[in-house]
Each structure stands twice: as C-alpha cells, then as structure tokens.
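J.: The structure's right below; bear with me while I get my questions together.
Throughout, read-outs are computed from the coordinates displayed, never taken from laboratory work. None of these values were measured; they are calculated from a predicted model. FYI the Cβ positions are ideal-geometry reconstructions off the backbone, even for glycines, and counts take in every protein chain you see.
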Amino acid sequence: MKVRVRFAPSPTGGLHLGGVRTVLFNYLFARAHGGDFVLRIEDTDQARFVAGAEQYIMDCLQWCGLEPDESPVKEGQYAPYRQSERKHLYAEYAQKLVTEGNAYYAFDTTDDLERMRREMKKDEHSVPQYDKTTRMQMRNSLTLPADEVKTLLDQGTPYVIRIKVPADKTVTLTDMIRGEVSFDSNLVDDKVLLKADGMPTYHLAVVVDDYLMKITHAFRGEEWLPSAPVHVLLWENLGWKESMPQWAHLPLILKPDGNGKLSKRDGDRLGFPVYAMNWTDPKTNETTKGFREMGFIPQAFVNMLAMLGWNDGTGQEVFSLDELVQKFDIGRVHKGGAKFDFEKAKWFNHQYIQHTDNEELAKLAAPYVEKELGIGNLDLGLLSTVVPLIKDRCTLLPDFWEQGHFFFRTPTTIDEAAIKDKWNDQKQQFFTAWTGILTATDNWNHQDLENSFNEEVTKHGLKKGDVMLPLRIMLVGGKFGPGVFVIAEVIGKEETMKRIKHITG
RNA sequence: GGCGUGUUGGUCAAUCGGUUAAGACGCCUCCCUUUCACGGAGGAAUGACGGGUUCGACUCCCGUACAUGCUACCA
C-alpha cells in the first residue's frame, strides 16, 4: 500500500514552529517511503477562519522547501482539499452513524448545556461531561420519542450529531512513538460530530478525510492524544477499522523559560520568532515576526526543527534535507516535549552561513543590505567580495549589514573618543605622512598597504599597536571587523584617504 | 478534580542491564588574533524521590512528587 501522509492545518493565523516540524516529519516520512504528502485545509470553524491564512501557509511550506504533492492548488485524485468544500460528505457519514445507532441527534441549546455543567459541578466527584451518565437527561434522539424527534427535525430545529460512546470498553491504539496507549470509554464524552451549522467538527472530519484520502500514517501534535479514542471509535463504527492510519503523536515544543506550550506571546516576550514567516493579522493589522524575516536560511531553520525531538543517535546535528530523508526514523522521536532554545537555533544558522558558498550568501544577504542602503539594485560583486571577509561573524542574515556596512557606506557613527583619548602630535604626524605616501602609491593592495604602514610606524618611532586601533576606527567606525588593510583595499584609495582625513583633518 | 502523556547537566540530548554517564548549545579559563569574531585547548555542571526485580539498574516494575496536554457546536 502506498504511503500517504497529510498536514492538516486550520487557516486561523501564523504558522507555528511546531506546525512546521509536523510538516517536516510528514514530508520526511513520505519521501523516505516513496509516498505522497498531502496538504489539507481544515477550515470548518467559520468563526476562527482568517482570510489569507491558507495562502500564507502554502508560502511558508514553499520557503521551507517542504512542498506538498497534493493541495488545494495542486489537486490530486482526492479533491477537494478544503474541508469547507467537502461539507456534504461529512453529513452523509454522520447520518450513517445515527442510523446504525452509533450517534444521535441532540437538540440541547447552549443554555441547556451550561445548566447541565453547572449542576454537575456541584457534586465534587462528577465531571461535567455530555456522556453516558448524563445523556439520558438531555434533549436528544435517545431520550425523546421518535415522532417528536421527527417533528423537531422537520421544523428545522437546530441540532448537532453526537457520537454515542459505548460503555465499559477499553479503547487501545498503537502509537509509533509511544507504543500502546489505552483509554476507558466510560471516561470519554459524547463529542459533537456535526455542528448546528452543518459543518463537521475536527473529530468527524479528520476521520472521514483520512479514510477517503487513503492516509496511511497520521502525525499530529500530542495535544490530540486525549481525543484519539473518539477517532478510533469512529474508524471502527464507520466500518473502516482495517484502513485506520498508524498514529504518531508528536511531542510538544515548550517555552524556553517556565513551562507550557510555546506560543506566539512567548516569542514576543522573549524576542524571538515563533512563526515561520512574518504574519500580519488582517483584523488588527499587527505583524508578528517570522524566522524568514529574522534572517534565517530555510535549510537551517528546517534542520534545527528536525533536531527538536529527534536525533539519529550518532551526535550528528547538521543534516541536509536529503540526509534527513535518509536517516529520519519516527521511532526515534522523543516522547517528551522539548524547550525551544533560540541560541541553539541561531547556532544552526551560523553553521549554514559558514557552509553556504559566497555567491549564494551574497544573494541571501542582499535584501538586507539593500534595505539599509535604501536602494534596490545592489552590486552583488562587491557583496560577494565582502561576504567571505565577514561571514565568520555572521549568525543571522542581517548581520552582514551589521558586520560589513562600512564596505558600502562611510561610517555614520565613529567612536572618536577611543581615538582622541590617546591622541598626540606624533600620531597626527604619522597619519599625515602616511596618507602622503598613499596619495602617491599605485599599489593598492592590503599587503603593500601594510608594508608602507609598518615602515612609517618605524620612522616615527611608534609602536604599530599605537596606530592600528585609530586607523581601524577611522575606517570602520568601531572596534570590530576584518583586517584593516583588507578593508582599505576593498573600499579603495579615495574612500580610505577620505575616512582618515575626516578624523585627522 | 478526572483522564492521558512525560521526567538524564541551565537547554537539546546519547545510552536500549555492566561506560570514568557521549556529544552539542550556553557559561567560565587559557591560546590564537595589535580590533571584534571564527578557530583551538581546557573547565564547571546531570540520572526527581521512595520502594522493588537483579550478581549488577539511568536503563525493567510499582508508588509518590513534579511538569505538561485534554476535559468547547476550536483545532
């Protein structure tokens, strides 16, 4: 049987780290087994639906290089791929469940439900749930006479369809990561399957679609584990037990400080991204920063995510996507959640910057440099020359500007205090003399520059260290950057002289 | 509260009954570097707790604690 996996997000907002990791594991599994990776949009919640989120999710997958084989815009033979467009299918199967006694109509209003829960809470030992202990006190097709149910239905009374969870049954499922997990059906509540608006809930939709789309392996977050018994029951009641996918409930990605699931808020609070790419909420117009815009290389981002909850046991940490396809093993995924460490994430990006070739890096860094320069057509030749000089000290793509702006523009802020502190006539005379020599020279390369600098230092009875730092500050503005003479060579004679004279007068 | 899941240094983690308990990030020291980094060499730091099982337990079992997830006509 052909392996088929799916990523099934709700289009409600930005794409979270954990979501991308789920995509990645799906993708790796599909590629390794010659299977299909499907993107299905779970847009059944009309209240939380956000326009543009679907396109955004696809853009994120594209940026990450994890594109699906089938999706709403690349339909395969199981179209449509949006649940809102499959609405009629769910109603059909919900009806079947009712007919066969595995589900029932419920007419309770929101107030009814609230009242029931309030009543139940008074008794400390009971749990406010719509289940076998309470359903016979509610208004549904199990308690109402058949003709009354028919009348209500004919009158168009709003209703939902709930699963009738059987009593005294142990529901067991085998998880590829956790092994056998079992639940007591007496503690599982009668989940709503079909909502009053005719849309299915996740529980019904995921089962119906996984079945119809012939999904063989289902990866999802650990938060779904508690509702897994409902899904297993549905697979059984619909008569599809033999086709049920193999489950894998992925560990959660936790916040770095304290505990709990990593959320967008944590990123805002701690100053790192949580979403793959910038996300602008269409309602509030508020933009949340993404890994892409923060300056991550997609391959580094993906690599980092792979190592969050998985490793190949050898200690290797840097893997290409192809290597991951080859080595990824769902059985080696951890059971426990992992706290997200932004420092480590940056380390991965630093690794990728060191291993990416200079031409490619220049292209990646160009947008950030152009933005700072306020131009749109930067000379990539110059950037390519600069890249190898500063890549060691760049962790994120914007660092190419931070570390190399003086190659493109005369420094705007110069740490003059660091020069003036120990300034004296001797140094003043040295620079005057040396710039005089520079004016006359035609050999503008770092080696000759350094030689003439050394000679002049000796002539003036100075130590090289006395004037190296001032020269550096004149050229770059501060105490950082690659070798000064190399910088002078790159920025050229005119610019070098200009920067020195700006300080020495 | 109930149910589920989990627990090796600050963080990510290897180990799958016998090791001086790897490695990485971060941190500290030193070297390299007349800047800042990179790099190199060192260092501090770990099996939640209590019972079993076993010749032997980080590893298996039970309990406790703690953490986390779920307990919506949200996913």
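J.: Could you tell me which residue out of A:PHE328, A:LEU270, A:LEU308 lies farthest along the dipole of chain A toward its positive end? Charges go on the beta carbon: Lys and Arg +1, Asp and Glu -1, centred on the Cα centre.
T.: A:LEU270
J.: Can you say what percent of the DSSP beta bridges in chain A, counting only those with both residues inside, are antiparallel? Round to 5.
T.: Details: 19 of 35 bridges.
Within chain A, antiparallel bridges account for around 55 percent of the total.
J.: Something else now. At R0 = 30 Å, how high is the FRET efficiency between A:LEU270 and A:TRP423 if r is their beta carbon distance? Nearest 0.05 is fine.
T.: 0.10
J.: Quick one: how many lysine pairs does the range A:86-205 have with C-alpha atoms less than 22 Å apart and a gap of 8 or more or different chains? Give me the count, please.
T.: For the range A:86-205, qualifying lysine pairs total 22.
J.: Is it possible to state the helix-based mean residue ellipticity at 222 nm for chain A, with each DSSP H run of 4+ residues giving -39500 (n - 2.57), the sum divided by total residues, to the nearest 500 deg cm²/dmol? What is it?
T.: -14000 deg cm²/dmol
J.: Two decimals, Cα atoms only, Kirkwood Rh: what is Rg/Rh over chain A?
T.: 1.16
J.: With charges only on Cβ, +1 for K and R and -1 for D and E, what is the dipole size of chain A about its Cα centre, in debye, rounded to 20? Present the calculation step by step, with values, prior to reporting the outcome.
T.: Numbers: 61 positive and 72 negative charges, 130 e Å.
I would put it at about 620 debye.
J.: What are the GluC sites (Glu not before Pro) within the range A:272-321 that DSSP puts in a loop, where the Cβ has at most 11 other Cβ atoms within 10 Å?
T.: Counting only loop positions with at most 11 other Cβ atoms within 10 Å, the GluC sites (Glu not before Pro) in the range A:272-321 are A:GLU286.
J.: Where the centre of each part is set by its Cα atoms, how far does the range A:385-419 sit from the range A:58-129, in angstrom?
T.: Centre-to-centre distance over Cα atoms comes out at 53 Å.
J.: A follow-up question, please. Magnitude of the Cβ-charge dipole of the range A:389-463, K/R +1 and D/E -1, about the Cα centre, nearest 20 debye?
T.: 140 debye
J.: Please identify the GluC sites (Glu not before Pro) of the range A:1-79 that satisfy two criteria: DSSP loop assignment and at most 11 other Cβ atoms within 10 Å. Which are they?
T.: A:GLU75
J.: Which of rounded, prolate or oblate describes the range A:86-205 when judged by the alpha-carbon gyration tensor and an a/c cut-off of 1.5?
T.: Here the range A:86-205 falls in the oblate category.
J.: What is the list of residues in the range A:68-94 whose amide nitrogen lies under 13 Å from a point 7 angstrom out from the Cα of A:MET1, following Cα to Cβ?
T.: So the set is empty, nothing qualifies.
J.: Could you give the Stokes-Einstein D for the range A:416-504 in µm² per second, using the C-alpha Kirkwood radius, 20 °C, 1.002 mPa s?
T.: Value of D from the Cα-based Kirkwood radius: 166 µm²/s.
J.: Do the alpha carbons of any pairs in A:LYS464/A:LYS493; A:LYS283/A:LYS346; A:LYS264/A:LYS479; A:LYS346/A:LYS493; A:LYS422/A:LYS498 sit beyond 26 Å of each other, and which pairs?
T.: A:LYS283/A:LYS346; A:LYS264/A:LYS479; A:LYS346/A:LYS493, as the Cα separations exceed 26 Å there.
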